1. Which listed residue (416, 383, 370) has the Cα farthest towards the positive end of the charge dipole for region 365-470, taking +1 on Lys and Arg C-beta and -1 on Asp and Glu C-beta about the Cα centre?
2. Taking the Cα centre of the chain as origin and charging only Cβ (+1 Lys, Arg; -1 Asp, Glu), how large is the dipole, in debye to the nearest 20?
3. Test of understanding: ordering 165, 42 by Cβ neighbours within 10 Å, fewest first, what list do you get?
4. Going by the alpha-carbon gyration tensor, a ≥ b ≥ c the square roots of its eigenvalues, is the chain rounded (a/c under 1.5) or, if a/c is not under 1.5, prolate (a/b greater than b/c) versus oblate?
5. Going by how many other beta carbons lie within 10 Å of each one, how would you line up 178, 141, fewest first?
6. Starting from the Cα-Cα distance between residue 227 and residue 259, subtract it from 0.36 nm times their residue separation and give me the gain in nm to one decimal.
7. Near residue 340, which lysines are there with a Cα under 18 Å away, not counting those fewer than 8 places off in the same chain?
8. Given a Förster distance of 41 angstrom, what is the FRET efficiency for residue 208 paired with residue 358, based on the Cβ-Cβ distance and rounded to 0.05?
Amino acid sequence: MSDKIEVRNIPAKVEIHQPDTAKVGQYNPRSRIYVRAVQGVHQLLRRRMNMVFMAVFMILPWIQFNGRQAILLDLAERQFNIFGLTLWPQDLTLFTWLLIIAAFALFFVTTFYGRVWCGYMCPQTVWTLIFIWFEEKFEGTRNQRIKLDKMPMSWTKFRKKAAKHTAWWSFSFLTSLTFIAYFVPVEELFIGFFTGQSSALIYGWVIFFAVCTYGNAGWMREIMCTHICPYARFQSAMFDKETFTVSYDPKRGESRGPRPRKKDPKELGLGDCIDCNLCVQVCPTGIDIRNGLQYECINCGACIDACDGVMDKMGYEKGLISYTTEQQLEGKKTHIIRPKLLGYFIVLLVMLSAFAYTIVSRIPLDVDIIRDRNTLYRENFEGWIENTFTLKILNKSQQDHAYIISVEGLKGYKFQGRKSVIIKAGEVYTLPVTVSADPMLLKERITEIHFIVQDKNDPDVKVKEESNFFNRI
Ligand code: SF4
Ligand code: SF4
């Protein structure tokens with residue numbers, strides 16, 4: 001029997017969220033979810049994590065490292081500077097590996113603790129929470145917001161809406177500018193933007209990302225999570241009966257129903273759920289977790305906090321909704337260490353180690369050898385054989401360096417061209433050289449040779465690049 005949990009797609013009970021005017025199957029911008037604010041340990045953790053995430057995002061572009069912007073993904077110069085490390089298009093495989101590692105990290109976390117990434121760290125969730133916070137500040141609680149939206153336009157309504165949208169737009173522009181500061185030097189960007197000196201392209205991108213942020217976090221919100229993000233669709237492939245997900249305990253909760261606080265529910269034939277609907281009202285995706293595991297659930301724990309508050313007030317034990325596993329709900333033991341989770345962990349560890357080793361042992365120098373394609377060889381006036389090459393030497397570091405050039409694999413060769421060059425940080429130096437050899441010493445028509453480019457001050461920074469030396473036929 002498969003240990004996968006069957007995922008059922010149960011339509012959310014939307015009647016409590018939708019204004020009466022909403023028509024089924026038809027998009028209505030007013031048929032959105034009015035999320036109720038909730039306090040609790042999970043929401044506190046979420047807010048703290050969101051603050052850290054936001055602080056890191058906003059501050060990083062302003063940090064300097066070795067006199068440069070610490071993180072600058074300079075697309076125009078085709079180089080990514082990350083805390084002293086410069087990555088070039090030649091290092092694209094590193095980015096590919098980074099994405100694969102991120103995917104495996106996500107698989108590992110999801111297998112262990114469900115969609116906690118979505119609930120706690122996904123930028124979509126973080127920005128949505130901030131936008132909801134603005135909404136609450138200007139328009140009030142959930143019930144006040146519903147009432148406000150049903151009201152005809154008035155000066156009060158206009159003022160509240162205008163304040164909210166001004167805050168949303170301001171934050172969207174700040175987000176957009178900060179995001180672009182990862183690609184354009186931060187001071188140049190901010191000064192240029194606010195003094196009207198930035199290019200039309202920069203203004204275009206800032207407006208584009210601001211509109212995306214405003215639309216996403218202000219209007220689309222859960223639509224992104226439930227209808228667009230592909231992650232929600234394939235998460236069931238990672239879930240098993242040992243995965244911790246937010247679940248309602250039906251054995252304890254049913255039969256649900258209201259009751260006087262002082263009455264024993266057992267006497268009334270009721271379970272612990274008082275059917276207050278709070279868990280639904282606080283849910284950012286508008287689902288009822290009591291219907292079982294649903295792909296819309298982002299594992300944020302808001303319903304746990306809401307329900308724990310209710311349980312507290314009723315004098316019942318907390319945990320009617322909790323992070324638990326199918327095994328626990330069936331009264332069985334949860335096995336945290338299991339082959340699938342272990343497999344993800346080992347793969348992740350191996351990939352992370354390989355990635356770290358590649359970064360640490362990476363040589364900030366690249367050499368490309370281009371042979372003269374028109375003349376394979378030439379005979380000079382001494383009767384020696386000459387081959388001409390062009391060396392493209394790329395200094396991938398963030399400092400200027402002096403390099404020494406030599407050739408290996410050719411007996412008694414002569415070298416015409418510069419044997420020592422100083423190359424600026426990030427510069428590609430084109431060096432034409434001619435290598436000549438005595439034909440009496442050449443045994444083959446083609447001799448394999450190596451060009452060696454070595455840092456004058458750091459012999460460990462050395463690149464050996466293969467080429468061929470052609471003799472006459
Ligand atoms: S059901 Fe609970 S955990 Fe899932 S998204 Fe809604 S509030 Fe968050
Ligand atoms: S918050 Fe708890 S008690 Fe209230 S409806 Fe939800 S599960 Fe039942």
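1. After comparing all options, I get 383.
2. 1800
3. Working: 165 14, 42 22.
The most exposed by this proxy come first: 165, 42.
4. Taking the square roots of the gyration eigenvalues as a ≥ b ≥ c, the chain is prolate.
5. The order, fewest Cβ neighbours first, is 141, 178.
6. 7.8 nm
7. Leaving aside lysines fewer than 8 places away in the same chain, those within reach of residue 340 are 4, 241.
8. Working from the Cβ atoms, E equals 0.75.
Laboratory data are not the source of any read-out in this text; all were calculated from the coordinates shown. Just so it is clear, the structure is predicted and the values come from calculations on it, not from any experiment. With ideal geometry, Cβ positions are generated from the backbone for all residues, glycine too; neighbour counts draw on all protein chains shown.
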